[in-house]
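Visitor: Take this structure first; my questions come after.
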Amino acid sequence: MVKLNKKKKMLLLAGSICFIFYMTMFPNRYLGIGIEPGGHNFIPFLMIKEMFVERSVFTFIINNIGNIALFMPFGFFLPLAFPRFSQLLLCTAVGCCLSAAIETIQWFMEYRWSDVDDVILNTVGTMAGYGIYKAVKKATDSISISV
């Protein structure tokens, strides 16, 4: 079995956080993120619905699936690096707080959207990453592979 020491686990968690901040704080012309004036949304599921009904499939996928996928590594690496966060509720709460902090920062950024839907989707992503963590942990606890 491949073993990761504490330092490598922390590095993977830090990398996931850095990637989150890179994708949420800097413009990306290819994805169309952060290049037009932003705004604010406090109505849950409003932008998810608007993306589905009024925008292209590409925009819907980038915004909604992208927000979920963005936080999945965080949900996986947080309990891996810090076993005290290996409970679903605790891991999810940390992911939700990180997302809320990012949305608060984006409130003050001219070319970003501060959106409650992003907090919802990011929290779902954290939960999905946690689910993968638990599945991998269960599989590696029952099967030992030497490399």
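Visitor: What distance in nm separates the two pseudo spin-label positions at Thr104 and Phe26, each 7 Å out from Cα along the beta-carbon direction?
Guide: It works out to 2.4 nm between the two label points.
Visitor: Continuing with the same structure: In terms of modelled amide H atoms, which long-range or inter-chain residues lie less than 5 Å from the amide H of Tyr111?
Guide: Amide H neighbours of Tyr111: Gly38.
Visitor: I've got another one for you. Mind listing the long-range amide H neighbours of Asn41? Cut-off is under 5 Å, sequence gap 5 or more, other chains count too, H placed in the peptide plane at 1.01 Å from N.
Guide: Placed amide hydrogens put Ser114, Asp115, Val116 under 5 Å from Asn41.
Visitor: Let me ask something else about it. Taking the beta-carbon count within 10 Å as an exposure proxy, list Val94, Val57 from fewest neighbours to most.
Guide: Values: Val94 17, Val57 9.
Lowest count first: Val57, Val94.
Visitor: Taking the 0 to 90 degree range and rounding to the nearest ten, how far is the long axis of helix 88-107 tilted relative to the main principal axis of the chain, both from C-alpha atoms?
Guide: 30
Visitor: May I pose another question? Mean residue ellipticity at 222 nm from the helices of the chain, using -39,500 (n - 2.57) per DSSP H segment of n ≥ 4 over the full residue count, to the nearest 500 deg cm²/dmol? List each step's numbers first, then the result.
Guide: Working: 6 runs with 96 residues, N = 147.
Calculated from helices alone, the mean residue ellipticity at 222 nm is -21500 deg cm²/dmol.
Visitor: Suppose every K and R has +1 on its Cβ and every D and E has -1 on its Cβ; what is the size of the dipole of the chain about the Cα centre, in Debye to the nearest 20?
Guide: Working: 13 positive and 9 negative charges, 207 e Å.
With Lys and Arg at +1 and Asp and Glu at -1, about 1000 debye.
Visitor: What does the charge count near Asn63 come to, summing +1 for each Lys or Arg and -1 for each Asp or Glu among other residues with Cβ under 10 Å from its Cβ? Show your work: numbers first, answer last.
Guide: Values: positive: Arg55; negative: Glu50, Asp115, Asp117, Asp118.
Charge balance near Asn63 sits at -3.
Visitor: Compare Leu80, Leu70, Leu89 in a GNM of the chain, Cα atoms joined below 10 Å, and give the one with the largest fluctuation.
Guide: Leu89
Visitor: Classify the chain from the C-alpha gyration tensor, please: rounded if a/c falls under 1.5, else prolate or oblate depending on whether a/b exceeds b/c.
Guide: Prolate, since a/c reaches 1.5 and a/b exceeds b/c.
Visitor: What order do you get for Val136, Val124 when you list them from fewest to most C-beta neighbours inside 10 Å? Numbers along the way, then the final one.
Guide: Values: Val136 12, Val124 19.
By the 10 Å Cβ count, ascending, the order reads Val136, Val124.
Visitor: Let me ask something additional. In which sequence would Arg112, Arg29 go, from the one with the fewest C-beta neighbours within 10 Å to the one with the most?
Guide: Values: Arg112 24, Arg29 8.
In order of increasing Cβ crowding within 10 Å: Arg29, Arg112.
Visitor: So if we plug the beta-carbon distance of Val57 and Ile35 into 1/(1 + (r/R0)^6) with R0 = 30 Å, what FRET efficiency do we get, rounded to 0.05? Don't jump to the answer; show the numbers that get you there.
Guide: Working: r = 20 Å, r/R0 = 0.66.
So, using R0 = 30 Å, E works out to roughly 0.90.
Visitor: Something else about it: For segment 6-142, how many pairs of lysine residues have a Cα-Cα distance under 28 Å, where the two are 8 or more positions apart or belong to different chains?
Guide: 12
Visitor: Under a GNM of the chain (C-alpha, springs under 10 Å), which listed residue has the highest mean-square fluctuation: Asn122, Asn64, Asn28?
Guide: So, out of Asn122, Asn64, Asn28, the one fluctuating most is Asn28.
Visitor: In a GNM of the chain with a 10 Å cut-off on Cα contacts, which of Ser16, Ser114, Ser56 has the highest mean-square fluctuation?
Guide: Comparing Ser16, Ser114, Ser56 in a Gaussian network model of the chain, the most mobile one is Ser56.
Visitor: Okay, moving on. Specify the angular offset, from 0 to 90 degrees and rounded to the nearest 10, of the alpha carbon long axis of helix 66-81 from the longest principal axis of the alpha carbons in the chain.
Guide: Helix 66-81 sits at roughly 30 degrees to that axis.
Visitor: Given H placed on each backbone N at 1.01 Å, which residues far from Ile33 in sequence or on other chains put an amide H within less than 5 Å of it?
Guide: Asn28
Visitor: Which listed residue (Pro73, Met109, Cys97) has the Cα farthest towards the positive end of the charge dipole for segment 66-147, taking +1 on Lys and Arg C-beta and -1 on Asp and Glu C-beta about the Cα centre?
Guide: Value computed over the given set: Pro73.
Only the coordinates and a few stated rules stand behind these numbers; no lab work does. Since the structure is predicted, the reported quantities are computational estimates derived from the model, not experimental observations. Positions of Cβ are backbone-derived with ideal geometry, glycine not excepted, and every protein chain shown enters the neighbour counts.
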